[in-house]
Amino acid sequence: MTAISHGSPTGITVTWDKPRDKVIDQLSHYQVTYQTICEAGKPVVNSSILSVNVSADLRRVSLDELTTYSTYKIKVEPVTLDGKVQSNKIFIAGM
């Protein structure tokens with residue numbers, strides 16, 4: 001998984017690889033969650049978890065309106081047709 005700034009100090013594009021072949025056949029969508037874990041070098045406790053669903057045929061999402069000088073925990077989870085969350089990938093990105 002990678003996170004790349006897309007020309008804005010408050011936005012990034014997150015991309016990821018497709019899941020295993022076994023999961024891809026049953027894939028409904030991806031659930032991407034993110035939350036602030038650090039602001040201006042200080043840990044953030046109990047920050048809100050934000051979520052966005054991404055179509056099964058895409059493997060990227062743009063996250064906008066993030067806070068500068070902050071670090072985010074980003075998680076991408078493939079969700080199958082029966083609603084089960086498969087494996088997840090966690091990424092830490094700084095703004």
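Cβ contacts < 6 Å: first residue among the basic types (Lys, Arg), restricted to the range 73-95; second residue in a strand (DSSP E or B) and at pLDDT 80 or above, any location; separation 6+ or different chain. Result?
That search, which allows pairs on different chains as well, returns Lys73/Gln35; Lys73/Ile37; Lys75/Thr33; Lys89/Val76.
Could you grab me the full set of residues in the range 52-95 that are among the small types (Gly, Ala, Ser) and either over 15 Å from Ala40 (Cα atoms) or at pLDDT below 90 (or both)?
Ser55, Ala56, Ser62, Gly83, Ser87, Ala93, Gly94, listed by residue number.
Against the conditions (1) part of a loop (DSSP other than H, G, I, E, B); (2) among the hydroxyl-bearing types (Ser, Thr, Tyr); (3) over 15 Å from Thr71 (Cα atoms), where does Ser28 fall short? Just the number, please.
Answer for Ser28: the failing condition is (1).
The values are calculated or read from the model by the stated rules, or taken from the named source; none is laboratory data. Just so you know, these numbers come straight off a predicted model, no measurement behind them. Using ideal geometry, Cβ is built from the backbone for each residue, glycine included, and neighbour counts are taken over all protein chains shown.
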